[in-house]
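Student: Below is a structure I'd like to ask you about.
The values are calculated or read from the model by the stated rules, or taken from the named source; none is laboratory data. Remember, predicted model here, so these are calculated numbers, not experimental data. So basically every Cβ, Gly included, is an ideal-geometry build from the backbone, and we count neighbours across all protein chains shown. Note: areas computed on protein heavy atoms with side chains; ligands, DNA, RNA excluded. Shrake-Rupley method; radii C 1.70, N 1.55, O 1.52, S 1.80 Å.
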Amino acid sequence: MYLNKLLIILLLSSSVVFANAIIITNKNFKDTLTINDVKSIFLGKKTRLSDQTLLYPAYLETLDESTLSFFTQVIKKPYRKFNKYWIKRVFSGHGVPPKRLKNIGQLLKYVSENKGAIAIVSNKVKLDGDIKVLPLSW
Amino acid sequence: MKFISNKFIFIILLLPFANLLATPWDKIRLNGYSSFEFEQELTNTDIKGDPYGSFDADLFDLVLNIQATDRLRISTDITFEHGASTENGRGNVAIEYAFAEYTVSDLLKVRTGKMFSAFGIYNEIHTAKPATIQVKEPRATNKPDKLTTGLSATRFFPRWNTGIGLVGSSEKYDYIIQLSNGDQEEVDADTNPYEADNNTQKALTGRYRYSPTDNLRLGFSFHHDLFTGANADINKSTEISSYGIQLNWESDKAAIELESVYGSLDFVDENNATVNEKIERVGATLLLSYSLTEVLTPYLEFEYFDPNLDIKEDEISIIIAGINYEIDSNFYLKLEVDRVSSAENNSLYLGRFSSEIKAAVAIGF
């Protein structure tokens, strides 16, 4: 009985990996998020943490396979559509798209320096102590 | 001594910019877009279109977003249209929008300034050509003044407004409500609607959109205002009410956009009593597209506009067939043929038809 409950909890709340992509945040990031929350953040519909800290979504400009899969599986938009979605939002005054960083060094620095930063990276990236992998629930 | 005083003056001169310097550059985003077009009327050159076939340096826009604080965002779009050259009085330079947005929460943001009227699918993106698949926004729902004359040609809603807006969004829906000066019919009127209203009635504009699934979005828009100027010869005010519905659906390759607007113009005197026949109008647009490859998307657009429901045989219908080719990321080539057909009582087209070819290169950055 307890084993079943534990199994369900483990299934519902874990560091979810999407085709080798993970979500990382600043170590001071306290909120727990669902997959739908992450989708809303990258689509600009959720811009705040529960304490109203501004969120700074980001990803690598080079768009490796894991990031591309993340857009399709989690954001529910292939990258090309994601890009078109943001073009409409930016030009109509509805905010700015997630930040694109040139290399992993810049991305990790960005996340470690911004409390509200949340980024997509490959699960092969080595993380330092200022960054944590965000557990996601369904 | 002289060196010290110069240094002191230099620091004093820099003080007004201290606030700007305090804003880290990663809080400022510069984007923009540009469009270059070609149009040629093929048939009835005496109606409107361009008989010679002309190039048009349509627009170059800079879009600036400044995250001044965690809660305050400044957003503006500055446009240079038709090769703006003020020395020769050609083209124009304009602020498409410039507003401050204060975030209380994602469900409530407060905007003040000049904004695009939030009505329907196109008005908020009508200048951003990389964001639309076709060359121009649909006339039947956005530009009735291109399809008829007289009072019926009054747009369903003003393109811009100055006032206060409330904005909010969640995973499934978003809304925007704007209270503004509204429109003024006469462009050369004494007052500028972005500076002062010429009546006490404020315009109310709003839109609500709901996404039941990732692929489908439904929406409803409204606009209401009482403005002076239209039919001013008999000193009346015009009450304008417009209601729109919209549907956006897309799959991996296919997409459908459907929009319909009903609008009425009610002419009233100073006691709000109707003094002339009400004009009721409807416009509808259907856009179908299908991506043959990742970069090549043919499209078909159907438009219908009835300028006055009480007048028979004054309708206009438009069919547009085109192709959109994405040359590079956010760099598009568009080619299309527009065919306009009119019924005999249409006051602009007089029962004639027109065919026009249009091409555009649109770039977003």
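Student: At 7 Å along the Cα-to-beta-carbon direction for both B:Asp269 and B:Val104, put a label point, then send me their distance in nm to one decimal.
Tutor: 4.3
Student: Can I ask one more? What is chain B by shape, rounded, prolate or oblate, if you read a ≥ b ≥ c off the alpha carbon gyration tensor as root eigenvalues and call it rounded for a/c under 1.5, prolate for a/b larger than b/c, and oblate otherwise?
Tutor: On the way: a/c = 1.61, a/b = 1.31, b/c = 1.22.
Because a/c hits 1.5 or more and a/b exceeds b/c, chain B counts as prolate.
Student: Follow-up. Sum -39500 (n - 2.57) across every DSSP H segment of at least 4 residues in the protein assembly as shown, then divide by the residue count to get the 222 nm mean residue ellipticity, nearest 500.
Tutor: Working: 8 runs with 70 residues, N = 503.
It lands at -4000 deg cm²/dmol.
Student: Ok, one more. What size of dipole, in debye to the nearest 20, comes out for the protein assembly as shown about its Cα centre when the only charges are +1 on Lys and Arg C-beta atoms and -1 on Asp and Glu C-beta atoms? Walk me through the numbers before you get to the answer.
Tutor: Numbers: 54 positive and 64 negative charges, 671 e Å.
The calculation lands at about 3220 debye.
Student: Hey, what did region B:43-198 get for relative contact order, percent, Cα under 8 Å, at least 6 apart? Please list the in-between numbers first.
Tutor: Details: 261 pairs, mean separation 23.0, N = 156.
Worked out over region B:43-198, it gives 15 percent.
Student: Given A:Lys81/B:Lys172; A:Lys39/A:Lys109; A:Lys76/B:Lys114; A:Lys45/B:Lys129, which pairs have Cα atoms separated by over 28 Å?
Tutor: From the list (A:Lys81/B:Lys172; A:Lys39/A:Lys109; A:Lys76/B:Lys114; A:Lys45/B:Lys129), the Cα-Cα distance tops 28 Å for A:Lys76/B:Lys114.
Student: If you don't mind, there's one more thing I want to ask. For region A:2-137, give the share of DSSP beta bridges that are antiparallel, in percent and rounded to the nearest 5; count only bridges with both residues there.
Tutor: Taking every DSSP beta bridge within region A:2-137, about 60 percent pair in antiparallel fashion.
Student: Per residue of B:71-79, how many C-beta atoms from partner chains lie within 10 Å of its own C-beta, taken as a mean?
Tutor: Details: counts 3, 0, 5, 0, 6, 1, 4, 0, 0.
For this peptide, the per-residue mean of nearby foreign Cβ atoms is 2.
Student: Another one. Return, for the Cα atoms of the protein assembly as shown, the radius of gyration and Dmax in Å, separated by a comma.
Tutor: 25.6, 86
Student: Below 14 angstrom from the Cβ of A:Tyr59, what's the summed charge of the other residues (Lys, Arg +1; Asp, Glu -1)?
Tutor: Values: positive: A:Lys39, A:Lys77, A:Lys99, A:Arg100, A:Lys102; negative: A:Glu61, A:Asp64, A:Glu65.
It works out to a net charge of +2.
Student: With label points built 7 Å along Cα→Cβ from the Cα atoms of B:Tyr325 and A:Ile35, find their separation and express it in nm.
Tutor: Label-label distance for B:Tyr325 and A:Ile35, simple model: 3.9 nm.
Student: Compute the angle between helix B:2-14 and the longest alpha-carbon principal axis of chain B, please, reported from 0 to 90 degrees and rounded to the nearest 10.
Tutor: Roughly 30 degrees, rounded to the nearest 10.
Student: When the Cα centres of region A:47-76 and region B:130-208 are compared, how far apart do they sit, in Å?
Tutor: If we compute the Cα centre of each part, the gap is 34 Å.
Student: What's the local net charge at B:Ile95, with K and R +1, D and E -1, over the other residues with C-beta under 13 Å away?
Tutor: Values: positive: B:Lys114, B:Arg159; negative: B:Asp61, B:Asp77, B:Glu81, B:Glu96, B:Glu195.
Net charge in that neighbourhood comes out at -3.
Student: Sticking with this structure for a sec: Counting only other residues whose beta carbon sits under 14 Å from that of A:Asp37, what net charge do I get with K and R as +1, D and E as -1? Walk me through the numbers before you get to the answer.
Tutor: Values: positive: A:Lys30, A:Lys39, A:Lys45, A:Lys46, A:Arg48, A:Lys76, B:Lys172; negative: A:Asp31, B:Asp106, B:Glu171.
It works out to a net charge of +4.
Student: Something else now. Using only the heavy atoms of the protein chains and a 1.4 Å probe, how would B:Leu179, B:Leu247, B:Leu59 rank by accessible area, largest first? Please report the intermediate quantities before stating the final value.
Tutor: Working: B:Leu179 90, B:Leu247 50, B:Leu59 10 Å².
Largest accessible area first, the list is B:Leu179, B:Leu247, B:Leu59.
Student: A further question on this structure: Which FRET efficiency, nearest 0.05, do B:Leu247 and B:Arg159 yield, Cβ-Cβ r, R0 25 Å? Spell out each step's value before the answer.
Tutor: Details: r = 22 Å, r/R0 = 0.90.
Here the calculated transfer efficiency is 0.65.
Student: Continuing with this model, one more query. What FRET efficiency comes out for A:Asn83 versus B:Leu333 if R0 is 22 angstrom and r is the Cβ-Cβ distance? Round to the nearest 0.05. Write out the running numbers ahead of the final one.
Tutor: Values: r = 17 Å, r/R0 = 0.79.
Once the sixth-power term is evaluated, E becomes 0.80.
Student: If I take R0 = 25 Å and measure r between the Cβ atoms of B:Leu166 and B:Tyr262 in this structure, what FRET efficiency does the formula 1/(1 + (r/R0)^6) give, to the nearest 0.05? Intermediate values should be presented prior to the final figure.
Tutor: On the way: r = 24 Å, r/R0 = 0.98.
Approximately 0.55, to the nearest 0.05.
Student: Would you mind giving the mean number of other chain beta-carbons within 10 Å of the Cβ of each residue in A:79-92, as a whole number? The partial results should precede the final answer.
Tutor: Values: counts 0, 5, 3, 0, 3, 7, 1, 3, 10, 8, 3, 12, 17, 16.
The mean count of partner-chain Cβ atoms within 10 Å per residue comes to 6.
Student: Quick one: of the DSSP bridges fully inside the protein assembly as shown, what percent are antiparallel, nearest 5?
Tutor: Working: 170 of 178 bridges.
Antiparallel bridges make up about 95 percent of those DSSP assigns within the protein assembly as shown.
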